[in-house]
1. Quick check on ALA99: is it in a helix (DSSP H, G or I), within 27 Å of ASP201 (Cα to Cα) and more than 21 Å from the chain's Cα centre (by Cα)?
2. Assess whether PRO110 counts as being in contact (Cβ under 8 Å) with a residue 40 or more places away in the chain, open to solvent by less than 50 Å² (accessible area, probe 1.4 Å), touching a Leu at 6+ places or on another chain (Cβ under 7 Å) and over 28 Å from ILE255 (Cβ atoms).
3. I'd like to verify a number: residues in region 317-335 that are in contact with a strand residue (DSSP E or B) (Cβ under 7 Å, 6 or more places away or on another chain) and either within 10 Å of THR300 (Cα to Cα) or among the β-branched types (Val, Ile, Thr) (or both), how many?
4. Can you name every residue in region 317-339 that is under 31 Å from the mean Cα position of the chain (by Cα), without any contact (Cβ under 8 Å) to a residue 40 or more places away in the chain and part of a loop (DSSP other than H, G, I, E, B)?
5. Checking the condition open to solvent by 10 Å² or more (accessible area, probe 1.4 Å), without any contact (Cβ under 8 Å) to a residue 60 or more places away in the chain and out of contact with any helix residue (DSSP H, G or I) (no Cβ under 7 Å at 6 or more places or on another chain), which residue from SER79, SER115, SER69 passes?
6. In region 71-92, how many are assigned to a helix (DSSP H, G or I) and either of a type in the set (A, V, I, L, M, F, W, C) or at pLDDT 95 or above (or both)?
7. For LYS12, work out the one condition from (1) among the basic types (Lys, Arg); (2) surrounded by fewer than 16 Cβ atoms within 10 Å (Cβ to Cβ); (3) in contact with a Gly (Cβ under 6 Å, 6 or more places away or on another chain) it doesn't fulfil.
Amino acid sequence: MTNVKQKIIRRKSRQIMVGNVAVGGDAPISVQSMTNTLTADAQSTIAQIKRMEAVGVDIVRCSCPDEDSTKALSTIIKSVAVPVVADIHFHYKRGIEAAQAGAACLRINPGNIGSTSRVAELVKASKDHNCSMRIGVNAGSLEQHLLEKYGEPCPAAMVESALAHAKILEDHDFYNFKISVKASDIFLAVEAYQELAKACDYPLHVGITEAGGLRTGTVKSAIGMGLLLRQGIGDTIRVSLSAEPEEEVRVGFEILKALALRSRGINIISCPTCARKNYDVIKTVEELERRLAHITTPLTVSIIGCVVNGPGEAAHSDIGITGGGNNTHQIYIAGKPDHRLKDGDIVEHLVTLVQQRLAAQKKD
């Protein structure tokens with residue numbers, strides 16, 4: 001059988017630092033999310049960030065619409081382990097305050113900041129405090145003159161906006177930034193990123209904005225971001241869901257794992273089940289996902305209900321189970337048949353095997 005697995009060749013981009021996280025170049029693609037608590041409520045925001053940290057988030061963004069928010073940033077930043085991006089929409093002073101508070105990055109639209117002198121002040125604060133920036137272009141908030149020029153949001157308008165804002169920073173001798181050109185329409189976003197990727201070498205923050213709820217948003221994000229990532233476009237990602245931020249992080253890692261771009265935690269391969277199944281695969285997978293969610297070490301576990309595809313999937317798994325008759329199932333270790341499980345608790349048995357495998361890896 002021909003192995004069709006292909007390594008994705010990533011677009012060559014310059015590298016910047018967001019705190020201690022490298023973005024672009026040969027750095028791993030990072031997973032971001034955003035708090036939805038009031039940033040001024042430092043303790044609630046810290047608690048939410050820690051929940052995101054528990055599922056592996058690399059970078060977290062907090063909205064800073066007012067002075068109370070930027071005042072709370074210092075406490076938040078000192079209390080969490082990941083870099084914090086301050087989302088600044090209009091007022092340049094909030095950006096300066098955020099940089100002074102220790103923000104690792106400012107999410108801005110330079111065109112909204114105001115006069116050249118204000119941009120210069122913001123750039124100086126960023127340089128003084130080793131703070132990077134993200135130029136965030138959104139199809140839903142394009143400049144009026146571009147809408148008049150193009151008639152509607154389109155890839156050309158979004159790229160023109162992004163490059164114009166990049167030039168504002170370049171004119172102030174500032175190059176420590178990444179760019180995003182997000183849209184809720186998959187095709188609009190994908191084409192905009194494709195064109196931007198050809199037009200510059202800045203690192204790109206990729207996402208399908210306002211993608212929807214957990215199920216719909218996951219599907220739209222996986223399609224849109226998957227198309228881009230498969231082409232090597234994207235240095236950091238955010239899955240935008242109307243769901244808890246931890247879910248955004250989980251989906252982000254699953255997208256990267258599916259494309260073999262990141263490996264984190266247990267990768268469960270399981271069948272959709274049919275009349276041939278010899279145990280309750282669905283319930284087994286649900287319980288295993290819950291029991292193994294805390295594990296960060298990459299490990300592949302195959303859960304297959306019968307012998308049609310079970311042995312083949314198990315051959316490429318660290319641990320596998322294939323359902324057999326008379327409540328007797330074949331267990332595989334490192335791709336090879338190892339022992340049979342008869343009348344046993346499948347979930348408990350597999351959890352124990354995973355724990356033993358991880359313990360053995362630590363000794364090695």
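The values are calculated or read from the model by the stated rules, or taken from the named source; none is laboratory data. Not measured: the values here are computed from a predicted model. Don't worry about glycine lacking a Cβ; one is built from the backbone with ideal geometry, like all the others, and counts go over all protein chains shown. Side chains included, ligands, DNA and RNA excluded: accessible areas come from the protein's heavy atoms. Shrake-Rupley method; radii C 1.70, N 1.55, O 1.52, S 1.80 Å.
1. yes
2. Here the answer is yes, as PRO110 does meet what is asked.
3. To start, the set of residues in region 317-335 that are in contact with a strand residue (DSSP E or B) (Cβ under 7 Å, 6 or more places away or on another chain) comprises 317-324, 327-333.
Now drop any that are not either within 10 Å of THR300 (Cα to Cα) or among the β-branched types (Val, Ile, Thr) (or both), which leaves 317-322, 328, 331, 333.
So the count comes out to 9.
4. ASP318, ALA334, GLY335
5. The match here is SER115.
6. Let us first name the residues in region 71-92 that are assigned to a helix (DSSP H, G or I), namely 71-79, 92.
Next, only the ones that are either of a type in the set (A, V, I, L, M, F, W, C) or at pLDDT 95 or above (or both) stay: 71-79.
Looking only at that region, the number is 9.
7. (3)
To keep it simple, each residue is scored yes or no on (1) open to solvent by less than 40 Å² (accessible area, probe 1.4 Å); (2) in contact with a strand residue (DSSP E or B) (Cβ under 8 Å, 6 or more places away or on another chain).
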site	(1), (2)
LYS178	yes, yes
LYS182	yes, yes
VAL190	yes, no
GLN194	no, no
HIS205	yes, yes
MET225	yes, yes
LEU228	yes, yes
